[in-house]
């Protein structure tokens, strides 16, 4: 990576930290995926500043949000709006910049791009055209929440935003209920209480969980407890700020003996349809729901 550049390029490549000016080295042509702070602007990395200072253009979700960052650090690169609503129009422009041998930076409004946003389509097209993609790592809300949560971190599943409506949201949670990992979700503040209540029902009321709010900001908070306890705490509460919900892995359920399974199913089938009985017994035993459903059909057929 060459550091030699003409005077006008060197001036463009400058950035500042606490009124101290620095000059960034030139960049090789590539798409740079640049992580930016999720709240505290002090979390920006020197490498991120060098990249944003030396690139030809910064593609960002909202130019007004990113302008706050560029003004703070004296960055001069032009901003290009790039989001899911204009991606088809803007993507060819980014590819054209790369074809001309320029460096393009991609940022989100906060945190690491492509985490719960559609930027992967741009990366896919850039790779398909034979250009390099270079990650510039940094702040990430899911990881910030995880490391301070106290929940197991050896196996995690980032589930992003759940569906907004209760039915699809519950079905998605039921799909994740038995995943042996700490689950990480984004949620909007006004849906936090209702989502925690659905989680308590679908994932288990006693599941250990953490609600992280306003990570890295002045009013950063972590609230810990069972899903039921947190659902009670957030019910009817006016919540503000960005929310990350983390749910610990399920406890290992003991394998049910065949006789136990049949007894539980017969009791459930006495007052509910097959599908409901299978769902109830599957949740109680930890057995695969499809297998329980097949056995329920057998028992129902024999009884009839």
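What follows draws every value from the coordinates through simple rules; no lab data is involved. Just so it is clear, the structure is predicted and the values come from calculations on it, not from any experiment. Every residue, glycine as well, gets a Cβ built from its backbone with ideal geometry; the counts of neighbours run over all protein chains shown.
Shape call for the stretch 258-303 from the C-alpha gyration tensor, a ≥ b ≥ c root eigenvalues: rounded (a/c under 1.5), prolate (a/b greater than b/c) or oblate? Cα axes put the stretch 258-303 in the rounded bin.
Between the Cα long axis of helix 258-269 and the first principal axis of the chain there is an angle of about 90°, rounded to the nearest 10.
What's log10 of I(q)/I(0) for the stretch 14-74 at q = 0.17 Å⁻¹, Debye sum over Cα points only, no solvent? Each listed q maps to, in turn, -0.55. The value of relative contact order for the chain, using C-alpha pairs under 8 Å at least six residues apart, is 14 percent.
Placing dummy labels 7 Å off each Cα toward the beta-carbon, the span from residue 99 to residue 67 is 3.0 nm.
Only Cα pairs under 8 Å and 6+ residues apart enter the sum, and on that basis the relative contact order of the stretch 195-304 stands at 21 percent. Compute the long axis of helix 87-99 from its Cα atoms, compare it with the longest principal axis of the Cα atoms of the chain, and write down the angle in degrees, 0 to 90, nearest 10. Its long axis makes an angle of about 50 degrees. For Cα extents along the principal axes in Å, the value computed from the atomic coordinates appears in the list (i) 87, 42, 31; (ii) 54, 49, 33; (iii) 99, 49, 46 under label (i).
At an R0 of 45 angstrom, the distance between the Cβ atoms of residue 166 and residue 23 translates into a FRET efficiency of 0.25. For the peptides 66-73, 166-173, the ranking by mean Cβ contacts within 10 Å, running from highest to lowest, is 66-73, 166-173.
As a ratio to 2.2 N^0.38 Å, the alpha-carbon radius of gyration computed for the stretch 72-169 takes the value 1.33. In the stretch 142-247, what percentage of the DSSP-assigned beta bridges are antiparallel, given to the nearest 5? Of those bridges, close to 75 percent are antiparallel. Normalised by the number of residues in the stretch 1-155, the mean separation of alpha-carbon contacts (under 8 Å, six or more apart) gives a relative contact order of 31 percent. The slack in the chain from residue 272 to residue 220, taken as 0.36 nm per residue of separation less the alpha-carbon distance, amounts to 14.1 nm. Judged by the mean number of other Cβ atoms found within 10 Å, the most tightly packed of the peptides 220-226, 208-214 leads the ranking 208-214, 220-226. log₁₀ I(q)/I(0) of the stretch 142-247 at q = 0.19 Å⁻¹, via Debye over equal Cα point scatterers, no solvent, to two decimals? Taken in order of the listed q values, log10 I(q)/I(0) reads -0.90. Summarising the strand pairing of the chain, around 55 percent of its internal DSSP beta bridges are antiparallel. DSSP bridge analysis restricted to the stretch 164-304 gives an antiparallel fraction near 100%, rounded to the nearest 5.
Shape descriptor for the stretch 7-139: Rg over Rh equals 0.94 (Cα atoms; Rh from the Kirkwood inverse mean 1/r).
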